[in-house]
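These notes concern the structure reproduced below.
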Amino acid sequence: MNTRIEHNFKLLARHDAGGAPNLGEGMAMKVTRDGRRIMYIAHENAPVAFSIFDVTEPSKPKMVWQLPLPHKDVRGNSLAMRGDILLMAYQVHKPGLKPAGFQVYDISNPIEPREVSFFDMSGGPASQGVHYVSFMDGRYAHITTGAPDFVPKHPKDHQFYMIVDLANPSKPTEVGRWWMPGQRQGDAAELPPRHEPPSFDFAYRPHHTLSYPERPDRAYIGYIDGGIVILDIADKAHPKLISRLDYHPPFPGFTHTVLPLFERNLAIVTDEATGDEGLDWPKRYWVVDIRTESNPVMIASMPTPDGFEELHRIGGRIGAHNIHENEPEPGSAKLQNTVVTTWFSAGLRMYDIADPYRPEEVAAFLPETPEGQRGCRISDVFVDDRGIVYAADRACGGLYVLEYTGKHALN
């Protein structure tokens, strides 16, 4: 059982998400005209797609709306929001099922989403729909998806990067796509050699696909076993590879998120832990120098949390997963010198990277083990511009609302 830790974090509230406490890795906040703070959170698995919370008063979060999944063989693990549009990803457990794609909602009334359209990626022998969706500029969705016309050479490699134009939200339109050469049947190229599980051979496919308004001509992609990918998307119909940094092996695979820090010419990169009791350790957070984007260079990793070996024995996933992603939407913190991370069974950790070569842990939160779990499963995090931190547990813990109380500037 976890020993509770609150180092420079104060727990303000916990919410069980209406009895469906398996929150996923899609979190977004809308600040309304009258000053309310409305938070949208995707769920990891059935029975819920996503929930809406009023977090205007952080110590008293209120669930105001919840959407059930249409059936148990689909997940809605990712969502994205900009302005009055929210996108909800749907990924089915096997090809041929529906819904497989993403739903477009009008949230001009922030607590009563209205369906506008559905971008359908169902059909074909391999498509399971959309795993991840990003929507930073309010025009283009950047998604990880399958498609009816995309057949991979290897069944694990069934998703690729797609750009979808939402200039008309009622008619989402694909404008471009990119995959690693050799991934699709018919490609003349071959993918790099596959390696033995459990530490390797997760997939050659993307996970996070991020493009920010500061650099609308770039996409930053965690490509799982393919490593770090930076694309030139100035011509969105024809994305071009700028660089790919592949560091596994020797490190185990599953590059998850590539977060650019534009003011610093850095990127923070995460490798998702997937193995029970640290089976696939080390899964770390990396600091990468991208001053020369054609040649990204790793310069540091975040310190391993104290007591890590003991936490291994609790069981469940342990290691890196996701970070606060600096959403451009009002209400989100825009962090350049601070990184807020999730470590599954090792909880929530905050780092000072003012010196990017020597990251230092400045805050930690490890809740008591939720009932029905062997340890916490903190998997995603969102930081608002008030210094309030929202941590999601993907199993039974629900939502934790925290206040940062340390001396390090949250910037």
Amide H to amide H, which residues 5 or more places from Ile5 or on other chains are under 5 Å from it, using H placed in the peptide plane?
Leu366
Can you compute the equivalent ellipsoid semi-axes for region 304-411, i.e. the square root of 5 times each eigenvalue of the Cα gyration tensor, sorted largest first and rounded to whole Å?
23, 17, 11
How much of the pair distance distribution for region 1-152 lies past 26 Å, counting alpha-carbon pairs only, in percent?
30 percent
Efficiency of FRET from Cβ geometry, Val64 and Glu371, R₀ 30 Å, rounded to 0.05:
0.75
Residue exposure sequence - Lys10, Lys94 - by fewest surrounding Cβ within 10 Å
Lys94, Lys10
Assign one of three labels to region 173-290, namely rounded, prolate or oblate, based on the Cα gyration tensor with a ≥ b ≥ c the square roots of its eigenvalues; rounded applies when a/c is under 1.5, prolate when it is not and a/b is larger than b/c, and oblate otherwise.
oblate
If r is the Cβ-Cβ distance from Glu115 to Arg386 and R0 is 56 Å, what FRET efficiency results, to the nearest 0.05?
0.95
What distance in nm lies between label points placed 7 Å from Cα along the C-beta direction at Asp246 and Ala167?
3.6 nm
Using DSSP to call loops (not H, G, I, E or B), can you name the chymotrypsin sites (Phe, Trp or Tyr not before Pro) in region 285-372 whose Cβ has at most 14 other Cβ atoms within 10 angstrom?
Tyr357
Ranked Met121, Met298, Met63, criterion: other C-beta atoms within 10 Å, fewest first:
Met298, Met63, Met121
Would you kindly give the portion of the calculated P(r) for region 63-218 that falls above 28 Å, as a percent of all Cα pairs?
22 percent
Which entries of Lys156/Lys334; Lys10/Lys156; Lys30/Lys407 show an alpha-carbon separation above 31 angstrom in the structure shown?
Lys156/Lys334; Lys10/Lys156
Restricting region 304-411 to GluC sites (Glu not before Pro) in coil, as DSSP defines it, with at most 15 other Cβ within 10 Å
Glu368, Glu371
Given 25 °C and 0.890 mPa s, compute D for the chain with the Stokes-Einstein relation, Rh being the Kirkwood radius over Cα pairs; round to the nearest whole µm²/s.
116 µm²/s
Distance histogram for region 17-97 (every C-alpha pair counted, 5 angstrom bins, percent rounded to whole numbers)
3, 16, 25, 24, 16, 9, 4, 2, 1
Tell me which GluC sites (Glu not before Pro) from region 126-226 have a DSSP coil assignment and no more than 16 other beta carbons within 10 Å of their own.
Glu190, Glu214
Residue-averaged 222 nm ellipticity for the chain, from DSSP H runs of 4+ at -39500 (n - 2.57), nearest 500:
-500 deg cm²/dmol
One finds the C-alpha centres of region 345-359 and region 190-264 to be spaced, in Å, by 22 Å
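Read-outs: derived from the displayed coordinates by stated rules, not from any lab. What you see is a predicted model, and the numbers here were worked out from it, not measured in a lab. Positions of Cβ are backbone-derived with ideal geometry, glycine not excepted, and every protein chain shown enters the neighbour counts.
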